[in-house]
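Below: one structure, written as structure tokens.
The values are calculated or read from the model by the stated rules, or taken from the named source; none is laboratory data. Because the structure is predicted, anything quoted here is derived from the model rather than measured. Here the Cβ is made from the backbone with ideal geometry for all residues, glycine too, and neighbour counts use every protein chain on show.
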């Protein structure tokens, strides 16, 4: 039997502005995509408030449960940026000025521009390693299995370039997608049958409505490509046998909004 | 002293497709906004996989912690729609055919269209009350302090019309917004000072970069409007005193994407 290597991750989105609805989070979808490409399975994401105790508890729960933990948000220079100090609290290590981070900020802002507020961004849990920020310089933090990233999407995305050097993925989840122009309930039995035969393949059914078109997209996912293609073959065969048409890939309007 | 009535909520987004990055969740932002308008504070949102045990544990944790719990996703007719049965498991009640839901589906699909797959959508925890779905009819579920909503954004949003009749909000969080065209680190001290004086007001600082413009938006939030406006006055005064310009509201490009 072919055993697959599975690597997991959790994510914490930190910020009152997401929970109040002011800001639409863009980091979860980007990180989810990126992790899938790295062969890492994102198992859970939590959006929490700017509250120190909540950050500490959530970090400790998720860093124990998954191979990697990613946080976004709360590492800027103002009073509401409390992620770094609470990562230190969660780990039980001192919160100290990081000499390398100090040098990066001094280099960027110049000795005169290194205000007290900006120096807050050099404060990190003891033992932290920097994550390079090619956009606005103030670095992210890597400590243990935790990666502390910025909340601003363009900065967070740029930090992943450096993160990719510090992580090791497992076997990738491979996926196959087909769609039909008929309601998903017509295919519920077929999907259940294929699902029962191939337990290493997960099958998702996602209905769509778009202008005049409606139907469902079926996504099959597995680390085992052979099983995946067998499951796909069985499903397509059953769909056609039942007298329906079956199309490869996502529907053409997939990239346009459905809400 | 004026005591404010605070009503809280948690949210669970259920779906492998969000965690794999295939689908970009749109329900969190919409619900967050809507809850704020109802005077309900969304304290936490979790995105979890289509996994029965995870659903049960998460539902039981969050329904105990918050006044209301909302779930989205996983209530359709196919094998991967497992939310309803796991809500029943979480509550320890039988999972049964709901006569009212049966009537709604029979009325919609006609007696001949009521296939086994579609009948799954009439299965609910015993004692459930329906949430009206004016779009595609298959109802949501209200039981205890839990509201089980569809995952498709247009359906989920339409269900909120009925949900609004079944909930009671508290005192609304009121917000005031200003912005400056200078990096937030220049204002870190001022923000901290205002924050220290008005502990019932939360102050968020959100940097923006947009084409040639950069700066920061400051959002003040409180249930206490008098304190809110005093805090706003103090902050604006300090900003101007320090020689900066201060503008009301969000920057004009706020509604355009910043990533």
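Residues to consider are B:57, B:50; find the one that is over 18 Å from the mean Cα position of the chain (by Cα), under 20 Å from residue A:8 (Cβ atoms) and buried (at least 18 other Cβ atoms within 10 Å of the Cβ). Explain how you work it out, then say what you get.
Working: B:57 fails: buried (at least 18 other Cβ atoms within 10 Å of the Cβ).
Answer to the selection: B:50.
Checked against (1) touching a helix residue (DSSP H, G or I) at 6+ places or on another chain (Cβ under 9 Å); (2) assigned to a loop (DSSP other than H, G, I, E, B); (3) over 28 Å from residue B:193 (Cα atoms), residue A:156 meets all criteria but (2). Looking at (1) more than 8 Å from chain B (Cβ to nearest Cβ); (2) in contact with a strand residue (DSSP E or B) (Cβ under 9 Å, 6 or more places away or on another chain); (3) over 15 Å from residue B:20 (Cβ atoms), find the lone condition where residue A:5 falls short. Status for residue A:5: all satisfied but (2). Looking at the stretch B:9-27, can you tell me whether even one residue there is part of a helix (DSSP H, G or I), at negative phi, in contact with a helix residue (DSSP H, G or I) (Cβ under 8 Å, 6 or more places away or on another chain) and within 8 Å of chain A (Cβ to nearest Cβ)? Yes, some residue in the stretch B:9-27 is part of a helix (DSSP H, G or I), at negative phi, in contact with a helix residue (DSSP H, G or I) (Cβ under 8 Å, 6 or more places away or on another chain) and within 8 Å of chain A (Cβ to nearest Cβ).
Taking the stated definitions as given, is residue A:42 in contact with a helix residue (DSSP H, G or I) (Cβ under 6 Å, 6 or more places away or on another chain), crowded, with 21+ Cβ neighbours inside 10 Å and within 19 Å of residue B:48 (Cβ to Cβ)? Criteria met by residue A:42.
Does the stretch B:67-79 contain at least one residue that is within 29 Å of residue B:21 (Cβ to Cβ), modelled with pLDDT of 95 or more, under 21 Å from the mean Cα position of the chain (by Cα) and in a helix (DSSP H, G or I)? So far as the stretch B:67-79 goes, no, none of its residues is within 29 Å of residue B:21 (Cβ to Cβ), modelled with pLDDT of 95 or more, under 21 Å from the mean Cα position of the chain (by Cα) and in a helix (DSSP H, G or I). Suppose the filter is under 19 Å from residue B:5 (Cα atoms) and at pLDDT 95 or above; does residue B:168 pass it? It is true that residue B:168 is under 19 Å from residue B:5 (Cα atoms) and at pLDDT 95 or above.
Selection of the stretch A:28-57 for residues being more than 9 Å from chain B (Cβ to nearest Cβ) and touching a residue at least 40 places away in the same chain (Cβ under 8 Å) yields A:38, A:39, A:40, A:55. Return yes or no: is residue B:243 out of contact with any strand residue (DSSP E or B) (no Cβ under 6 Å at 6 or more places or on another chain), in a loop (DSSP other than H, G, I, E, B) and not assigned by TED's automatic domain parsing to the domain that holds residue B:147? Spelling it out, residue B:243 is indeed out of contact with any strand residue (DSSP E or B) (no Cβ under 6 Å at 6 or more places or on another chain), in a loop (DSSP other than H, G, I, E, B) and not assigned by TED's automatic domain parsing to the domain that holds residue B:147.
Checked against (1) in a helix (DSSP H, G or I); (2) at the interface with chain A (Cβ under 9 Å from one of its Cβ atoms); (3) modelled with pLDDT of 95 or more, residue B:186 meets all criteria but (3). Set side by side, the residues A:199, A:168 differ, and just one is outside the structural domain of residue A:39 (by TED's automatic domain parsing), touching a residue at least 60 places away in the same chain (Cβ under 8 Å), assigned to a loop (DSSP other than H, G, I, E, B) and over 28 Å from residue B:137 (Cα atoms), which is A:168.
The number of residues in the stretch B:120-141 that are in a helix (DSSP H, G or I) and in contact with a helix residue (DSSP H, G or I) (Cβ under 7 Å, 6 or more places away or on another chain) comes to 2. Residue B:147 falls short on exactly one of the conditions (1) surrounded by 15 or more Cβ atoms within 10 Å (Cβ to Cβ); (2) within 14 Å of chain A (Cβ to nearest Cβ), and that condition is (2). Within the stretch A:69-84, can one find any residue that is away from chain B (no Cβ under 13 Å), in contact with a strand residue (DSSP E or B) (Cβ under 9 Å, 6 or more places away or on another chain), closer than 19 Å to residue B:185 by Cβ and surrounded by fewer than 21 Cβ atoms within 10 Å (Cβ to Cβ)? Checked against the condition, which is being away from chain B (no Cβ under 13 Å), in contact with a strand residue (DSSP E or B) (Cβ under 9 Å, 6 or more places away or on another chain), closer than 19 Å to residue B:185 by Cβ and surrounded by fewer than 21 Cβ atoms within 10 Å (Cβ to Cβ), the stretch A:69-84 yields no hits at all.
Only a single item in (1) in contact with a helix residue (DSSP H, G or I) (Cβ under 7 Å, 6 or more places away or on another chain); (2) more than 14 Å from chain A (Cβ to nearest Cβ); (3) at pLDDT below 95 is not met by residue B:115, and it is number (2).
Of these, B:221, B:176, which one is at pLDDT 95 or above, within 11 Å of chain A (Cβ to nearest Cβ) and in contact with a strand residue (DSSP E or B) (Cβ under 6 Å, 6 or more places away or on another chain)? It would help to see each step written out before you state the result.
Numbers: B:176 fails: within 11 Å of chain A (Cβ to nearest Cβ).
Exactly one of B:221, B:176 is at pLDDT 95 or above, within 11 Å of chain A (Cβ to nearest Cβ) and in contact with a strand residue (DSSP E or B) (Cβ under 6 Å, 6 or more places away or on another chain), namely B:221.
Determine whether residue B:204 is in contact (Cβ under 8 Å) with a residue 60 or more places away in the chain, within 29 Å of residue B:35 (Cβ to Cβ) and either in contact with a strand residue (DSSP E or B) (Cβ under 6 Å, 6 or more places away or on another chain) or within 11 Å of chain A (Cβ to nearest Cβ) (or both).
Working: in contact (Cβ under 8 Å) with a residue 60 or more places away in the chain: no; within 29 Å of residue B:35 (Cβ to Cβ): yes; either in contact with a strand residue (DSSP E or B) (Cβ under 6 Å, 6 or more places away or on another chain) or within 11 Å of chain A (Cβ to nearest Cβ) (or both): yes.
Here the answer is no, as residue B:204 does not meet what is asked.
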